[in-house]
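Take a look at the structure below.
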Amino acid sequence: MTSFTAQAGTATAHDADWWRQAAVYQIYPRSFADGNGDGIGDLQGIISRVPYLARLGVDAVWLSPFYPSALADGGYDVDDYRDVDPRIGTLDDFDEMVAALHAAGIRLIVDIVPNHSSNRHAWFQEALASPAGSPARDRYIFRDGRGPSGDEPPADWESNFGGPAWTRTPDGQWYLHLFAAEQPDFNWDNEEVREDFRTTLRFWSDRGVDGFRIDVAHGLAKELGDELPSRAEMERITAPGQHPLWDRDEVHEIYQDWRRVFDEYDPPRIAVAEAWVEATRRPRYASADGLGQAFNFDLLEAPFAAEPFRRIVADNLALAAQAGSSTTWVLSNHDVVRHATRYGFPVDASATTSRPRTRDWLLSGAPEAELDRDLGLRRARAATLFELALPGSAYLYQGEELGLHEVGDIPDDARQDPTFFHSRGVDVGRDGCRVPLPWTREGSSFGFGSNGAHLPQPSWFAESSVEAEDDVATSTLTLYRQALALRRELQADEGLVWDEQLSQGDVLAFRRPNGWTCVTNFGSSPAALPSGEVLLASSAVDGELPGATTVWVR
Ligand code: GLC
Ligand code: CA
């Protein structure tokens, strides 16, 4: 196993609680850095950027899928769970990357995709070649069709990417895929499936991986009797844990089993659930005898306003405490419009999500009129400083430290995301946040690689490149570096106390141990600057706290 060299000021190698308040940086590997000039990001590219990650000051990297894949869903269609996509590297490169990250004091979390494999996975190919009712088919979810000749799907369910959730095989049976047709769902009642994932978790843990991000963690357990309910019938099921496909109580037996695997290691491997479930159901996924932590996407969905931010923080701290876990904060990831862009639209504080509006904007070919890019970035910087002052882990998405906006104008014929194709363009998809990162002002693909990038990059990337922002006092990159360094220094226990005196109107303020206070003005007119030493500000403060600004004071 690769050794882990702890650096001064960071948690030690054997600290079992390292994840509780970690800053975790998500790498979407095909779009981070291209080491061999084929236009696709790779592990050698990541290795070459370890010094960048170390200087940024993150505690861990979460690596999105790097497994062999036909990329029907950006790598979330896995051909082989215990190998590296040859276009991304080799297992030797992987070991080298783990060693380089660990030597820099950075831990590694990898994505595990257990709800479905790809249709090219050896097991699915074997299932297709085997007769109905065979053990090979039992690893997935096959059913006969309805109607006299079985040519109607077993049920009228829709996939999450649009279109039917059942696809017919050449011999007439149908298989279930809650996502793309290239992503057949596993049958988690099958013991071989369970054993294979234990093997996978040990395989990566043995290679030094520190933890796992569990994709679609609420989907694995399904209750499918002989009579399948219709979509309308399923929609009427609202009682928690009763839906046949999502968030069933039995899913936690799987995670309790995984916990025993995680605990075979020192320190125990960690896991974070991607579970889109009702808030009150989250603690189950985050419990210490289960995965240990669960994403909350509440901030990511919230409008930039004091009241919802306060409610979300209070609720999630309580929910995490219920599970004995720490909570997770996310403003951007590979599935959503970047937060600098989301915040560039007028705020509707009563809205429960900022999504539809941004989607409409993207769909209409991204007209600039409605979008205030500068204001969006200003709010994004304020939201990030707010996030980084909170107790719990912060999950950052590659490129947000450069203040990148969503790329809105990707031509249809360059798009890759299945949501775009399956919805026939009704949903523009997620490519706009997956455009390869700009490292330099000029050059092929702005320094992403030596020979182009797999998604087109806009010309404005030049001024948002690492080179353009490096050591510039007012840049977003500098703000992230300073904030992450200070956070490391100031962060003590997980307490948070609202400062009721300062929290008035559009201003929200909370105190952390060590006399560290975070004050955000969500409004547009200036507020009073709190007393104390200003340690860091998301935009220039001059005697007052301007609108859309966060300061850390002590
Ligand atoms: C998760 C991933 C997303 C993927 C889906 C299916 O939501 O974050 O990118 O498309 O699962 O695996
Ligand atoms: Ca490459």
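Quick look at the values:
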{"item": "Accessible surface of H177 - all protein chains present, 1.4 Å probe, nearest 10 Å²", "result": "10 Å²"}
{"item": "Length-normalised contact order of the chain in % [C-alpha pairs under 8 Å, at least 6 apart]", "result": "13 percent"}
{"item": "Furthest towards positive pole of dipole, A321, P184, I254, structure part region 176-335, Cβ charges", "result": "A321"}
{"item": "Solvent exposure, largest accessible area first (probe 1.4 Å, DNA, RNA and ligands not counted), of I40, I254", "result": "I40, I254"}
{"item": "The chain: angle of helix 191-206 to the longest principal axis, Cα-based, in degrees nearest 10", "result": "40 degrees"}
{"item": "Dipole moment magnitude, nearest 20 debye, region 108-195 about Cα centre, only Lys, Arg, Asp, Glu C-beta charged", "result": "120 debye"}
{"item": "Under 5 Å, built H, 5+ apart or other chain: amide partners of Q26", "result": "W62, L396, Y397, Q398"}
{"item": "Selection from A221, F94, A70, by position along the positive dipole direction of the chain (Cβ)", "result": "F94"}
{"item": "Long-range HN-HN contacts of L108 with modeled amide H, under 5 Å", "result": "V61, D210, G211"}
{"item": "In degrees, nearest ten, helix 251-262 long axis to first principal axis of the chain (Cα)", "result": "70 degrees"}
{"item": "Whole-number Å³ per residue for the convex hull built on Cα positions in region 117-208", "result": "103 Å³"}
{"item": "Normalised contact order of region 494-553, rounded percent, pairs of Cα under 8 Å and 6 or more residues apart", "result": "30 percent"}
{"item": "In region 220-329, the GluC sites (Glu not before Pro) that fall in loop regions by DSSP, at most 14 other Cβ within 10 Å", "result": "E223, E227, E250, E264, E278"}
{"item": "R487, R379, reordered so the largest accessible area comes first (probe 1.4 Å)", "result": "R379, R487"}
{"item": "Contact order relative to length of region 1-146, as percent, for alpha carbon pairs under 8 angstrom and 6 or more apart", "result": "23 percent"}
{"item": "Area accessible to solvent at W19, 1.4 Å probe radius, in Å²", "result": "40 Å²"}
{"item": "Net dipole in debye of region 165-276 [+1 Lys, Arg Cβ; -1 Asp, Glu Cβ; about Cα centre; nearest 20]", "result": "320 debye"}
{"item": "Accessible area, probe 1.4 Å, largest first, for residues L496, L220", "result": "L496, L220"}
{"item": "Helix-derived mean residue ellipticity, 222 nm - over the chain, DSSP H n ≥ 4, -39500 (n - 2.57), to 500", "result": "-7500 deg cm²/dmol"}
{"item": "Kirkwood Rh and Cα Rg combined as Rg over Rh, evaluated for region 384-434", "result": "1.14"}
{"item": "Calculated FRET efficiency for the pair A314/A473, C-beta based, R₀ 30 Å, to 0.05", "result": "0.30"}
{"item": "Per-selection Kirkwood Rh - region 252-296 (Cα, Å, 1 d.p.)", "result": "10.5 Å"}
{"item": "Trypsin sites (Lys or Arg not before Pro) lying in DSSP loop within region 423-481, provided at most 13 other Cβ fall within 10 Å", "result": "R424"}
{"item": "Extreme residue, positive dipole direction of the chain, given options I109, T169, P346 (C-beta unit charges)", "result": "P346"}
{"item": "Per-residue SASA entry for R488, accessible area with 1.4 Å probe, Å² rounded to 10", "result": "80 Å²"}
{"item": "For the chain, the fraction of alpha-carbon pairs in successive 20 Å shells from zero, as %", "result": "21, 56, 21, 1"}
{"item": "Size of electric dipole in region 494-553: Cβ of Lys, Arg +1 and of Asp, Glu -1, about Cα centre, debye, nearest 20", "result": "100 debye"}
{"item": "Region 494-553: equivalent-ellipsoid semi-axes (sqrt of 5 x gyration tensor eigenvalues, Cα, Å)", "result": "18, 13, 9"}
{"item": "Stretch gain in nm, segment D374-E278, where the contour uses 0.36 nm per residue and the Cα spacing is subtracted", "result": "31.2 nm"}
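The values are calculated or read from the model by the stated rules, or taken from the named source; none is laboratory data. Predicted, not measured: the structure shown is a model, and the values here were computed from it. Glycine also receives a Cβ, built like all others from the backbone with ideal geometry; neighbour counts cover every protein chain displayed. With ligands, DNA and RNA removed, areas are computed over all heavy atoms of the protein, side chains included. Shrake-Rupley method; radii C 1.70, N 1.55, O 1.52, S 1.80 Å.
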